[in-house]
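The values are calculated or read from the model by the stated rules, or taken from the named source; none is laboratory data. This structure is a prediction, so every number in the text was calculated from the model and none was measured. Neighbour counts are summed over all protein chains in view; Cβ atoms, including those assigned to glycine, are modelled from backbone coordinates with ideal geometry.
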Protein chains: 2
Amino acid sequence: MAQIAIIGAGIIGRSWAIVCARAGLSVRLVARRKEAAESCLTAIAEAADRALPIAPDCSVSMVMERISVSTDLADSVAKAGFVIEAIGEDLSEKQKLFTALDHLVPHDAVVSSSTSSFGVSRFASELTTRSRCIVAHPAAPPHLIPVTEIVPAPFTSLETVEVTFELMKAIGQVPVLVRKEQPGFVLNRLQGALLIEMMRTVSEGVMDAEDVDRLIADGFGLRWPFLGPFAGIDCNAPGGISDYLKRYGFMFEDLARERGMETPVVTQAVVAELHDAMRSVVSLADLPDRIAARDRRMAALRALRKDFGPF
Amino acid sequence: MAQIAIIGAGIIGRSWAIVCARAGLSVRLVARRKEAAESCLTAIAEAADRALPIAPDCSVSMVMERISVSTDLADSVAKAGFVIEAIGEDLSEKQKLFTALDHLVPHDAVVSSSTSSFGVSRFASELTTRSRCIVAHPAAPPHLIPVTEIVPAPFTSLETVEVTFELMKAIGQVPVLVRKEQPGFVLNRLQGALLIEMMRTVSEGVMDAEDVDRLIADGFGLRWPFLGPFAGIDCNAPGGISDYLKRYGFMFEDLARERGMETPVVTQAVVAELHDAMRSVVSLADLPDRIAARDRRMAALRALRKDFGPF
């Protein structure tokens with residue numbers, strides 16, 4: 001893989017630099033101001049040190065020697081095989097930057113944006129390089145949280161999607177395809193749906209804010225790093241997720257109706273799709289083994305939390 | 001503390017038995033059928049073994065010698081200081097059981113229900129012991145997930161609430177007060193809000209089911225066992241949660257509006273309450289230290305997941 005150019009030396013840009021460098025890639029990080037270019041290396045070294053358990057064979061000095069910082073955009077992207085834009089969340093700034101990049105990047109480079117809210121259609125549709133433009137939206141910060149939403153525009157080429165998936169896998173991220181350029185993509189909508197119900201709970205005086213947080217941190221938050229919410233409920237009924245939704249789906253319908261959302265939510269079609277997805281991963285006969293595996297992991301996580309002590 | 005009587009030898013009853021026994025309490029577990037009484041001890045020993053890292057000083061044999069199983073309800077609760085009902089989620093069965101217990105429990109015993117959907121008002125309002133009846137709804141299974149929703153009815157005494165909180169803390173659970181007997185209490189509504197948006201995402205063809213799960217398991221699920229969602233976003237803007245909501249609150253409003261929910265969600269009142277709650281835990285000056293502490297924990301969790309290997 002050719003060089004990675006990361007534009008923006010803020011939290012996300014610095015974090016991307018760690019992700020790429022610890023995977024062995026050569027990184028050129030572009031800062032807007034000279035002072036930022038100087039100070040960001042210290043911040044990167046500190047963050048890389050804290051993240052060492054993720055890639056223990058790659059020392060902080062190995063990470064650092066693969067990263068160089070510059071304020072020269074044209075020079076930094078001239079030999080880049082893959083560009084990661086990580087500037088602030090400002091649409092006109094992104095438009096300006098992508099327009100500049102249109103003339104600066106090699107003819108086969110992919111140009112990705114870390115935007116969390118704008119589809120690439122909003123700032124790259126007029127460019128000659130648009131088929132190589134794509135959103136690769138990380139959870140923050142990506143050197144700790146691997147999932148990355150890959151959101152092509154209608155004009156993005158299939159090859160660009162494939163190259164982006166390959167790069168993300170090569171650097172240890174978990175790319176997932178978003179098929180529609182909707183606001184918040186999917187990740188922030190999921191978090192948003194949860195936070196909306198949490199805020200309502202506080203607004204309505206049903207529970208104190210800190211306790212609402214505990215429901216996740218000392219509740220299902222202990223399960224979710226191992227099994228996502230679908231896989232989690234799949235383990236909570238003898239017949240798996242379709243059985244669970246048959247028993248408890250009414251709760252979701254009731255909640256959706258109470259909150260004014262469109263119903264039905266738990267349609268036959270979605271139950272069938274979830275059943276197929278879960279059963280392709282684990283058969284019903286193997287569910288008890290999966291539950292035992294889950295239990296061991298959760299017990300280890302509780303021990304880990306105890307070792308670290310309270311925040 | 002006097003003896004604990006747990007009624008129901010299913011997954012939840014067996015799990016409660018482990019929680020109480022590993023905290024040093026004497027447990028009488030009541031099974032409905034003789035066969036269940038015989039088989040449940042094996043299941044308890046296996047589950048306790050898998051959970052050993054949570055309380056490594058309490059061996060499986062120490063847990064087991066504190067648990068006895070019986071099919072005699074009257075005898076089992078006769079000397080109980082605290083009763084935990086953990087039978088199936090059937091309202092008329094709960095009504096029958098609580099009516100029977102009304103005449104069987106000591107005059108100062110607290111009788112708690114593990115129900116996940118019915119307020120105790122629905123099955124204990126006519127009882128002479130009703131001031132000592134309360135819901136203590138665990139996340140499943142409680143021996144792995146400590147948070148427990150404590151839901152008093154209007155007729156539940158303050159002393160009953162206090163005794164329940166004290167017991168839960170003594171056995172290592174994390175009790176949280178639910179001030180309203182609403183369907184799903186709070187925990188299942190939070191999970192429900194998330195699952196509704198997840199199912200919609202699948203129904204609308206925006207993302208495959210397994211990828212939606214990955215957004216949590218390889219995404220914010222790595223943060224939430226350490227920081228709940230409120231505390232999580234509190235770390236993601238320089239000025240804490242109120243700054244975050246000033247910057248990104250529009251995303252929640254847009255999502256709520258799009259899904260047909262009532263708006264505004266992010267009211268000045270809720271922002272003020274969340275600000276106060278977060279700032280009572282950590283000052284803005286200490287946020288960078290908190291972020292560093294979060295990072296170390298997340299890196300350790302990723303190493304733990306890697307050690308266990310894929311599911």
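Remark: residue A:169 falls outside the filter, which requires a residue to be at the interface with chain B (Cβ under 7 Å from one of its Cβ atoms) and either modelled with pLDDT of 95 or more or more than 13 Å from residue A:148 (Cα to Cα) (or both). Set side by side, the residues A:232, A:221 differ, and just one is more than 7 Å from chain B (Cβ to nearest Cβ) and not in a loop (DSSP other than H, G, I, E, B), which is A:232. Flag: residue B:115 does not match the condition of being under 30 Å from residue A:289 (Cα atoms), part of a helix (DSSP H, G or I), hydroxyl-bearing (Ser, Thr, Tyr) and within 14 Å of chain A (Cβ to nearest Cβ). Which condition from (1) within 22 Å of the chain's Cα centre (by Cα); (2) at pLDDT 95 or above is the one that residue A:105 breaks? With respect to (1) within 22 Å of the chain's Cα centre (by Cα); (2) at pLDDT 95 or above, residue A:105 is out only on (1).
Being under 24 Å from residue B:156 (Cα atoms), touching a His at 6+ places or on another chain (Cβ under 9 Å), surrounded by 22 or more Cβ atoms within 10 Å (Cβ to Cβ) and not hydrophobic (A, V, I, L, M, F, W, C) is true of residue B:113. Pairs linking a residue in segment A:263-286 that is outside any helix (DSSP H, G or I) to a residue that is surrounded by fewer than 12 Cβ atoms within 10 Å (Cβ to Cβ) and hydrophobic (A, V, I, L, M, F, W, C), with Cβ atoms under 7 Å and 6 or more positions apart or on different chains, do not occur. From the set of residues in segment B:181-207 that are part of a loop (DSSP other than H, G, I, E, B) and at the interface with chain A (Cβ under 7 Å from one of its Cβ atoms), which is surrounded by the fewest Cβ atoms within 10 Å (Cβ to Cβ)? Here the answer is B:205. Entry remark, segment A:235-251: residues being facing chain B (nearest Cβ under 7 Å) and in a loop (DSSP other than H, G, I, E, B) number 1 in total. Going through (1) at the interface with chain B (Cβ under 7 Å from one of its Cβ atoms); (2) not in a helix (DSSP H, G or I); (3) not acidic (Asp, Glu) one by one, residue A:175 falls short only on (1).
Within segment A:252-262, the set of residues being surrounded by fewer than 21 Cβ atoms within 10 Å (Cβ to Cβ), out of contact with any Pro (no Cβ under 7 Å at 6 or more places or on another chain) and part of a helix (DSSP H, G or I) comprises A:257, A:258. Selection over segment B:156-171 of residues that are farther than 18 Å from residue B:2 by Cβ and surrounded by fewer than 15 Cβ atoms within 10 Å (Cβ to Cβ) gives a count of 1.
Residues checked against (1) in contact with a Phe, Trp or Tyr (Cβ under 9 Å, 6 or more places away or on another chain); (2) assigned to a loop (DSSP other than H, G, I, E, B); (3) more than 30 Å from residue A:123 (Cα to Cα):
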{"residue": "A:6", "(1), (2), (3)": "yes, no, no"}
{"residue": "A:9", "(1), (2), (3)": "no, yes, no"}
{"residue": "A:17", "(1), (2), (3)": "no, no, no"}
{"residue": "A:45", "(1), (2), (3)": "no, no, yes"}
{"residue": "A:64", "(1), (2), (3)": "no, no, yes"}
{"residue": "A:74", "(1), (2), (3)": "no, no, no"}
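Is there a residue in segment A:231-242 that is under 19 Å from residue A:266 (Cα atoms), among the acidic types (Asp, Glu) and at pLDDT 95 or above? Yes, segment A:231-242 contains at least one residue that is under 19 Å from residue A:266 (Cα atoms), among the acidic types (Asp, Glu) and at pLDDT 95 or above.
The rows are residues; the columns are (1) under 30 Å from residue B:174 (Cα atoms); (2) over 16 Å from the mean Cα position of the chain (by Cα).
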site: A:176; (1), (2): no, no
site: A:231; (1), (2): yes, yes
site: A:248; (1), (2): yes, yes
site: A:268; (1), (2): no, yes
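Considering B:290, B:296, the condition of being within 7 Å of chain A (Cβ to nearest Cβ), touching a Cys at 6+ places or on another chain (Cβ under 8 Å) and of a type outside the set (Asp, Glu) is satisfied by B:290 alone.
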